[in-house]
DNA sequence: CGCGATTTGTGCACGCCTTCACAAGCGCCT
DNA sequence: AGGCGCTTGTGAAGGCGTGCACAAATCGCG
């Protein structure tokens, strides 16, 4: 897919030693490994074959990914589950339980605010914002919706570095600008539009409709293949987003 | 990230002519081009440079992508907006307004059921299912929540080929099995787990927490770089999921 | 009609990622 | 202590995707 880094990655040998720059593809898989590992707690060690199966990837790929983190496996035995969890969580910075704010408590934002998958995997949603005066003050999952103009103040107080945009597309760029001004340096964008941000700010985009459209393409292709003389039903895919 | 096709792609020259097999990376970008094009309706033609900017990609990449569909541009002029929209929608199979069902109307499923981005981009959510008896009969966005056991019957009646799973992880595999049995051949999975499906069924996964974890990694990296002597603030990323 | 400006379509080279295959290392059992 | 089986870690090859740079083609204008 289409992950890319526009990073210049300047030569920085000191930093490289302290913080190995992992391939982007590897980083995208680490959370998957972590989830699989958490399901395996109780086991002491696990082989690359078993962990790869649990994470839905090739075992060679898994070993290469983990080798980039250092050697946390024992030949003939496997990987130490607890140690590996600790290492991956450290690399991903999850041990800090980062503060996250969410802007836009409409249909989707409402659900995200209550999504317990964030809390259970290393994040704290600490503030909700919206521009609609009618929504200010509303209580959602123990948080009070605040006005977007309070963003800068609250972000500073709570040391918020990550922001989630769940507004309509039309408002997203303005919100992104406000987030950047407030010191946020990572943005997860659910609005279907391209955001323009200064260097040093990371943006990841999730577009729910795009995923369906990709599936629709494969449906269309499957249908046109089976409809043709000599056409064969294709074998299945298992794809993951994010990467 | 980690998009991959486990497709065997058998030699099928007849089908290849009728339905060119596009690179997976290209397919993942087509929806993005389509969205940008819809924002440009009113213009007659558009250059690859302008469209690429609107879609957030490189212009050479855009031209190469579109060239895979055939020649719908005119040198010296640009691409015909209306024609390109029509072509991309055809390739993606969106002109059929595919029926989609959603299983799991909890926190996230509720939001997805009401998400208008699906309807506005070529899909019809025609049925909602849940296993919880307390939820059966509930009205959401004009649809009635039905029991999961009705899935096979409804799927056949409505010709549903795409299913969305928004259940807890523990229930996802069982739901996937039921979807497959009901004839669904494409699944969009929001549950944080790996699904096992037979050949011929496509699965795409969206894990909201994973996206945050990837951002967290970059935050961690940025922090460790700036803290080091000689460390430099890195330049910004703009990444897209999906592909 | 011819020329220049503009934009598409693409050959090519480079780099990243994946996958295979195997050497190196570890533990257990005798 | 030695050997055997198992698993990790990695070298190398191949494939895919990206982006540059340019040739080919079209339009408009004089």
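Quickly run through the range B:114-150 and pick out the residues that are at the interface with another protein chain (Cβ under 9 Å from one of its Cβ atoms) and either in a helix (DSSP H, G or I) or closer than 17 Å to residue B:172 by Cα (or both). If the condition is that a residue be at the interface with another protein chain (Cβ under 9 Å from one of its Cβ atoms) and either in a helix (DSSP H, G or I) or closer than 17 Å to residue B:172 by Cα (or both), then B:114, B:116, B:117, B:118 are the ones that fit.
Condition check for residue A:41 on (1) more than 11 Å from chain B (Cβ to nearest Cβ); (2) without any contact (Cβ under 8 Å) to a residue 40 or more places away in the chain; (3) away from DNA strand C (no atom under 16 Å from the Cβ): one failure, at (2).
When each of B:117, B:122, B:109 is tested for being away from DNA strand C (no atom under 16 Å from the Cβ), closer than 20 Å to residue A:193 by Cβ, touching a residue at least 24 places away in the same chain (Cβ under 8 Å) and crowded, with 18+ Cβ neighbours inside 10 Å, the lone residue that passes is B:122.
The rows are residues; the columns are (1) more than 12 Å from chain A (Cβ to nearest Cβ); (2) within 25 Å of residue A:205 (Cβ to Cβ); (3) modelled with pLDDT of 95 or more.
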site	(1), (2), (3)
B:47	yes, yes, yes
B:56	no, yes, yes
B:80	yes, no, yes
B:87	yes, yes, yes
B:93	no, yes, yes
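Note on the range B:65-94: among residues that are without any contact (Cβ under 8 Å) to a residue 12 or more places away in the chain and within 12 Å of DNA strand D (Cβ to nearest atom), the one that is nearest to residue A:195 (Cα to Cα) is B:67. Candidates are the residues of the range A:61-94 that are out of contact with any strand residue (DSSP E or B) (no Cβ under 8 Å at 6 or more places or on another chain) and part of a loop (DSSP other than H, G, I, E, B); the one that is surrounded by the most Cβ atoms within 10 Å (Cβ to Cβ) is A:92.
Taken over the range B:186-202, the criterion of being farther than 16 Å from residue B:125 by Cα and either within 7 Å of chain A (Cβ to nearest Cβ) or not in a loop (DSSP other than H, G, I, E, B) (or both) is satisfied by B:192, B:194, B:197, B:198, B:199, B:200, B:201, B:202.
Residues in the range B:1-23 that are modelled with pLDDT of 75 or more and more than 7 Å from chain A (Cβ to nearest Cβ) were compared, and the one that is farthest from DNA strand D (Cβ to nearest atom) is B:20. All conditions in (1) within 10 Å of DNA strand D (Cβ to nearest atom); (2) out of contact with any strand residue (DSSP E or B) (no Cβ under 7 Å at 6 or more places or on another chain) hold for residue B:36, with the sole exception of (1).
Picking from B:186, B:224, B:196, which residue would you name as being at pLDDT 95 or above and farther than 18 Å from residue A:211 by Cα?
Working: B:186 fails: farther than 18 Å from residue A:211 by Cα; B:224 fails: at pLDDT 95 or above.
From the options B:186, B:224, B:196, the qualifying one is B:196.
Within the range B:58-70, the set of residues being closer than 22 Å to residue A:207 by Cα and within 13 Å of chain A (Cβ to nearest Cβ) comprises B:58, B:61, B:62, B:65.
With respect to residue A:153, determine if the residue is outside any helix (DSSP H, G or I), away from DNA strand D (no atom under 16 Å from the Cβ) and on the phi < 0 side of the Ramachandran plot. So residue A:153 does not fit the description; no.
The residue that is surrounded by the fewest Cβ atoms within 10 Å (Cβ to Cβ), among those in the range A:95-106 that are within 13 Å of chain B (Cβ to nearest Cβ) and under 30 Å from residue A:133 (Cα atoms), is A:106.
The values are calculated or read from the model by the stated rules, or taken from the named source; none is laboratory data. Bear in mind that the values here come from a model prediction, so they are computed numbers and not experimental data. Positions of Cβ are backbone-derived with ideal geometry, glycine not excepted, and every protein chain shown enters the neighbour counts.
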